[in-house]
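The values are calculated or read from the model by the stated rules, or taken from the named source; none is laboratory data. Note that this is a predicted model, so its numbers are computed, not measured. Methodologically, a virtual Cβ is constructed for each residue, glycine included, from the backbone with ideal geometry; neighbour enumeration extends over all protein chains shown. These area figures cover heavy atoms from the full protein model, side chains too; ligands, DNA and RNA do not enter into them. Shrake-Rupley method; radii C 1.70, N 1.55, O 1.52, S 1.80 Å.
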Amino acid sequence: MTIRLSLALILGGLIGFERERNSHPAGFRTNILVCLGSSLIMLLSIYGFSEFANSDIVRMDPARLASQVLPGIGFIGAGAILHNGMSVTGLTTAATLLVVAGIGLAVGAGFYYAAIVTTVMVIVSLTVLNVVEKKYFREKRIYTMKILASNKPGTLGLISAMLEDKGVDIRKLLIEEEAQETDASILQLTLMLKFPKKTIIIPMLEKIGHMQGITSVTVE
């Protein structure tokens with residue numbers, strides 16, 4: 001049991017180290033605790049009720065208690081997922097916690113080879129594929145631009161023309177009017193944009209920020 005719990009700690013720590021190094025919500029300690037706890041629950045399922053093994057009125061099912069781990073991990077994973085407009089973050093972290101729980105269950109059941117191979121595959125997926133994603137897919141990401149502007153005719157048209165001139169695809173537009181103490185009102189524009197190149201984001205921010213009537217502009 002000590003060997004299995006120690007191995008669960010090590011394997012969960014290896015994956016957690018990668019998550020912590022890249023500043024993700026579920027980091028080093030979280031992944032260790034998930035893997036260690038899953039391993040303990042599996043050990044409890046296998047050995048914790050051995051005194052009832054010879055009973056004629058009790059039916060043993062080692063998988064019954066362990067099967068409750070995955071719904072519990074779902075609650076933890078849901079806490080790591082953040083939704084902001086059309087942007088969703090934390091899905092990889094939630095999926096990692098699910099796999100780490102599976103690794104812990106495998107170690108607890110003595111399924112060492114599969115647990116170790118899965119850990120290696122997870123680390124490769126999180127490190128190597130992260131580099132591939134940044135190189136080939138990062139520029140296709142959709143960004144959220146928020147603009148505060150004076151409610152003047154033509155402001156939205158100028159901004160739209162400027163974005164289209166640079167090849168920026170406007171996926172969604174939300175306009176909200178904020179009342180002010182003076183007669184002039186402020187418009188809050190929220191745009192979901194797909195930039196052809198990441199390098200044009202900062203120049204575009206500067207250009208829109210210097211337009212007349214623009215109070216602030218941010219991109220997430």
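Observations on the structure shown:
- Contour minus Cα-Cα distance for SER150 and SER185 (0.36 nm per residue): 12.0 nm
- Note on ALA95/GLU220: beta-carbon distance plugged into 1/(1 + (r/R0)^6) with R0 of 22 Å gives a FRET efficiency of 0.45.
- The charge dipole of the stretch 149-220, taken about its Cα centre with unit charges on the Cβ atoms of Lys, Arg (+1), Asp and Glu (-1) only, comes to about 500 debye.
- Working note: Cα gyration tensor of the stretch 8-48, eigenvalues times five, square-rooted, sorted largest first, giving semi-axes of 24, 8, 4 Å.
- The stretch 199-209 - phi-based ³J(HN,Hα) in whole Hz, Karplus 6.51/-1.76/1.60, Gly and Pro as x: 5, 8, 5, 5, x, 5, 4, 4, 5, 5, x
- Share of Cα-Cα pairs in the stretch 157-220 lying beyond 13 Å, as whole percent: 68
- Ordering of 41-47, 73-79, 16-22 by burial proxy (mean other Cβ atoms within 10 Å per residue, highest first): 41-47, 16-22, 73-79
- Highest to lowest packing among 116-123, 95-102, scored as the average C-beta count within 10 Å: 95-102, 116-123
- For ARG171, distant residues with modelled amide H under 5 Å away: MET192, LEU193, LYS194
- Only protein heavy atoms count here; under a 1.4 Å probe, LEU174 has an accessible surface of about 80 Å².
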